[in-house]
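Asks: Shown below is the structure under consideration.
No lab work stands behind these numbers, since they all come straight from the coordinates. Since the model is a prediction, treat every value here as computed from it, not as a measurement. Cβ: placed from backbone, ideal geometry, glycine included. Neighbour counts: every protein chain shown.
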There are 2 protein chains.
Amino acid sequence: MDDQNLKQTLTPSTQSALKKTLDIICGKWRLFIIFQLGTETRRYGELRRMIPDISEKVLIQELKALIELGVLEKKSFNEVPPRVEYNLTARGLKVLPTLYQLTSVGEVFLEP
Amino acid sequence: MDDQNLKQTLTPSTQSALKKTLDIICGKWRLFIIFQLGTETRRYGELRRMIPDISEKVLIQELKALIELGVLEKKSFNEVPPRVEYNLTARGLKVLPTLYQLTSVGEVFLEP
DNA sequence: GTTTGTACTAACCTAATGGTTCGTAACGTA
DNA sequence: TACGTTACGAACCATTAGGTTAGTACAAAC
């Protein structure tokens, strides 16, 4: 019995899309950051207070990663003390409804 | 300016649902395994050939984890050579459509 | 009688993830 | 003059995720 009946159900383009998705949502904090931003603009310090369990370093690190992925954008104002604002990009807003649906997945598995 | 205007937009139950979701889908291979199973029943060796880049140890490890999470179930037949079959649970099937949508997220960010 | 196939386990290693602590600039406030 | 505030960077460490390699039982095929 050879493998010709084992069709690869995932096309290469589906596979790379999935990998990109995982880049964006995997990690302990990324979805939380995206959800806390939502459609709003928030300062770094606001986000830190909204997600109190994340460490400063990791928050900055994750924000930077999400910017590089094209999910977030950042505006720095030349003020003292510094002011920096973050918000979702157009693409980020576009996928937000799909990401919100992910809570329902967890809910299904938390049902008794 | 105190923090009373920083409403925690995520309720505790939403947060734990999100964490559960991340348990299920995070990791390099879990979504691929779930997608390759889909509505079918597959033997271990079939899965291994359908996801050729995964190592044997990691596939078994991830299958075991997904079983413990309630996403998959497994049937062992007392035969030689051994035969073991995997398929999604009812809950797994229930969230499958939502998980399929995740490819669209990556697609948005892969657009030029 | 040696090899092949199945579904694993065990031992070990590396790279990435997440966390802790400390330090920075320049201003407003006490 | 000392201190708090803001948004970070640097150095360092612990844990986890993922990977490699080897070995197991036992029947069937060659």
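Asks: Starting from segment A:32-51, take each residue that is farther than 14 Å from residue A:84 by Cβ and list its partners that are part of a helix (DSSP H, G or I) and among the polar types (S, T, N, Q), counting only C-beta distances under 8 angstrom and pairs at least six apart or across chains.
Replies: Short answer, once both residue conditions are applied: A:32/B:15; A:50/A:36; A:51/A:36.
Asks: May I pose another question? Would you pick out the residues in segment A:39-59 that are away from chain B (no Cβ under 12 Å), part of a loop (DSSP other than H, G, I, E, B) and surrounded by fewer than 16 Cβ atoms within 10 Å (Cβ to Cβ)?
Replies: A:41, A:55
Asks: Within segment B:65-79, which residues are outside any loop (DSSP other than H, G, I, E, B) and surrounded by 15 or more Cβ atoms within 10 Å (Cβ to Cβ)?
Replies: Scanning segment B:65-79 gives B:65, B:66, B:72, B:73.
Asks: Identify, from the list B:62, B:85, the residue that is touching a strand residue (DSSP E or B) at 6+ places or on another chain (Cβ under 9 Å) and surrounded by 12 or more Cβ atoms within 10 Å (Cβ to Cβ).
Replies: On inspection, the qualifying residue turns out to be B:85.
Asks: Anything in segment B:66-86 that is within 10 Å of DNA strand C (Cβ to nearest atom) and over 18 Å from residue B:36 (Cα atoms)? List them, or say none.
Replies: B:76, B:77, B:79, B:80, B:81, B:82, B:83
Asks: So, residue B:53, is that one within 30 Å of residue A:40 (Cα to Cα) and of a type in the set (Asp, Glu) or not?
Replies: no
Asks: Another question, if that's okay. In this structure, does residue B:104 turn out to be small (Gly, Ala, Ser), farther than 18 Å from residue A:21 by Cβ and free of Cβ contacts under 8 Å to residues at least 12 places away in the same chain?
Replies: No, not satisfied.
Asks: List the residue pairs whose Cβ atoms are under 9 Å apart, where the first residue sits in segment B:65-82 and is aliphatic (A, V, I, L, M), the second is in a loop (DSSP other than H, G, I, E, B), and the two are 6 or more positions apart or on different chains.
Replies: Pairs found: B:65/B:27; B:65/B:71; B:67/B:89; B:71/B:89; B:72/B:89.
Asks: Something else about it: Output yes when any residue across segment B:22-32 is within 11 Å of DNA strand D (Cβ to nearest atom), more than 10 Å from chain A (Cβ to nearest Cβ), among the aliphatic types (A, V, I, L, M) and not in a loop (DSSP other than H, G, I, E, B), and no when none is.
Replies: No; the residues of segment B:22-32 include none that is within 11 Å of DNA strand D (Cβ to nearest atom), more than 10 Å from chain A (Cβ to nearest Cβ), among the aliphatic types (A, V, I, L, M) and not in a loop (DSSP other than H, G, I, E, B).
Asks: Do the conditions hold for residue A:21, that is, is it over 23 Å from residue B:27 (Cα atoms) and among the hydroxyl-bearing types (Ser, Thr, Tyr)?
Replies: Answer is no for this residue.
Asks: Next question. Would you pick out the residues in segment B:80-112 that are closer than 16 Å to residue A:12 by Cα, assigned to a helix (DSSP H, G or I) and more than 7 Å from every other protein chain (Cβ to nearest Cβ)?
Replies: B:100
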